[in-house]
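A quick write-up on the structure given underneath.
Every read-out reported here was derived from the displayed coordinates using simple, explicitly stated rules and does not represent laboratory data. Values in this document were obtained by computation on a predicted structure and should not be read as measured data. Every residue, glycine as well, gets a Cβ built from its backbone with ideal geometry; the counts of neighbours run over all protein chains shown.
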Amino acid sequence: MTVTRLTASDWVDAGFTILGEEGIQGVKIDRMAERLSVTKGSFYWHFRDLDDFLDALAAKWAGEMGSRHLATAGSPDQPPSARMQNRLRAFLSRSVRTLDRQMRHWAHSDPRAHAALERTDRQIFTQITTDLREMGFSDDEAEWRACVLFYASVGYAAVDHPLTEANLRSEGLKLLQLLTSRDEHP
């Protein structure tokens, strides 16, 4: 019988799952060990303590989550409007919205989470602005449109929206269409 040893990344992934489901208060060593079907001793093979683990959780968010989100855009040779639609669809999925909401909640009380979230927010905002410039909007216009789209997206994630999943995506895509339209009254 082969025993597979868990990696630090396995623990961090379990931490993100629990963070999305229960919030930061649910991220406990025993909960993650239970989720991974291992003893708590396995945790200490990779991390000194929960605080060390939370450093790793925030670092992974800062190092990977922005890039992972941007990768949902699809091929770079697609038009910027298609890339923006792909990213918005991915962001508006329930699991991504829920994790984003819980990460933002954690960031209110922990400077590590705040710094990680700020980094990914900047990455995503910069890409939205770049896409809008590529669509022909001036720097100022691209920036304010990116602000509205970014903050609306965060707002969709921040609240349990009363719209159904299908309507939420539809409404989000309508907003994207409005903000990327060159017409006076789209």
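Values as computed for the structure displayed
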| quantity | calculated |
| --- | --- |
| Gyration tensor (alpha-carbon) shape descriptor, region 1-93, a/c threshold 1.5 | prolate |
| Calculated [θ] (222 nm, deg cm²/dmol) that DSSP helices of n ≥ 4 give over the chain, each run adding -39,500 (n - 2.57) | -23000 deg cm²/dmol |
| Chain lengthening between S9 and S138 when straightened (0.36 nm per residue, less Cα-Cα) | 42.3 nm |
| C-alpha long axis of helix 111-134 to longest principal axis of the chain, angle in ° | 30 degrees |
| Cross-link partners of K40 among lysines (Cα-Cα below 19 Å; sequence separation of 8 or more within a chain) | K28 |
| Loop-located trypsin sites (Lys or Arg not before Pro) in region 77-174 whose Cβ has at most 13 other Cβ within 10 Å (DSSP) | none |
| Of L19, L149, L36, the one that fluctuates the most in a GNM where the chain has Cα springs shorter than 10 Å | L36 |
| Net charge contributed by nearby residues that have their C-beta within less than 15 Å of L176 (K/R +1, D/E -1) | +3 |
| Amide N proximity, region 99-137 versus E171 label position 7 Å along Cα-to-Cβ, cut-off under 15 Å | none |
| Computed lengthening from Y151 to T130, 0.36 nm per intervening residue step minus Cα-Cα distance | 5.9 nm |
